[in-house]
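Written out below as structure tokens is the structure these notes cover.
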Amino acid sequence: MKNTSVALPIKRQRSLLCSPLIGTILVSAAFFIASALIVIDHKQFPNLRAILVQKSPELRKPEAMQVSPINICENQCIRDGSEALPKGIVSKTSDLEMRPLWGPRKKRKNPKSPMSLLAMAVGMKQKANVNEMIKKFPSDDFVIMLFHYDGIVDEWKDLEWSSRAIHLSAIRQTKWWFAKRFLHPDVVSEYAYIFLWDEDLGVQNFDAGRYVSIMRNEGLHISQPALDPEKSEVHHELTTRENGSTVHRRIERMSRSRKQCYWNSTDPPCTGWVEMMAPVFSKEAWRCVWYMIQNDLIHAWGLDMQLGYCAQGNRTQYIGIVDSEYVVHYGIPTLGDSSQNKTNSESSTESSSKETVPLESKHTDIRAEVRKQSFNELETFKRRWRKAVQEDECWVDPYNQH
């Protein structure tokens, strides 16, 4: 009788518990559970540590209990100054809406429609024109904020909308000085668009509601209304727009800076910029622009050429001029007007002039000095920009400007 041998398989079946992978997982799970028990909240299980020490005397050693739990709070975004407060009580933003001393606040007709802000630097000489401008901004959709550069506030009280407007007064300050100090992004974050306008604009052919709608539909973050070329000194007669569009974004011929522009130009002043007398910013763009406004450069010259960095993307697409809702720029010199040099006797004959600003020497051409200061600030801003670019090793210029 021959012995028969059975060929056993070379690989033996192993128990699942013996698998290195499964074993590692089980050991890790056991370690995790044990660690969780050690660092568990003592408020819920106050006697747990005593029980563990009684069962395992070696845990009495200080180094045995130095198990660092994972701090789930380390990655939370805590705003500077609020570290001492519970997160739920921190109010991160604000707005300019007035609140009643008692009772419910007045309800808006369309509460789902976001509010916007109109802010202007104004003086008494332009009171009538400012009144006409503000009438174009519906009270249910716009908050009005006036910066009084001549110090006169009470004489605006006779206007119907004055009581709901925010009035700020600082003698002979520009709208950019006011904006840097009173329009912090966290304060105006509730407003969809921020209109930062001059006081000498004609708005007979302007509709604020339609303008906001066009900005939203076109995806614009920075814009301005077109200026009427027949009634004002305008540079935009050189601009063109695509057929059927309500906005234009390019200058196709010689720009006012004498730079030759073409249909494919991608840098200012051919595209990606707006004039500074009537700019409109989305709240996202304004958060960027506010940081770019220099605290001591109150004329903001040079800012227009760099607005593209705040356009939230492609500056050739998200910065534009709205043609269908245009305004007229009268170009009336008010802040820094040379007429302020008149003597007291000459000024007293003009009933419409009620300046409270101290008169300068009659030998000083104030308007010329203002323009000189503006040019000086332009050069200062350019130097600061170049210096900032050179010193910031982490910043990458998306437009590769040199």
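What follows draws every value from the coordinates through simple rules; no lab data is involved. Just so it is clear, the structure is predicted and the values come from calculations on it, not from any experiment. Virtual Cβ from ideal backbone geometry, glycine too; neighbours counted across all protein chains shown.
Here are the numbers:
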item: Neighbour-count order for Val322, Val370, Val122, fewest beta carbons within 10 angstrom listed first; result: Val370, Val322, Val122
item: Principal axes of the stretch 116-332: Cα extent on each, largest first, Å; result: 51, 34, 31
item: Rel. contact order, % - alpha carbon contacts under 8 angstrom, at least six apart, the stretch 116-332; result: 26
item: Ranked list, fewest to most other Cβ atoms within 10 Å of each Cβ, for Glu393, Glu190, Glu369, Glu160; result: Glu393, Glu160, Glu369, Glu190
item: Qualifying trypsin sites (Lys or Arg not before Pro) in the stretch 120-206, DSSP loop, other Cβ atoms within 10 Å at most 14; result: Lys135, Lys157
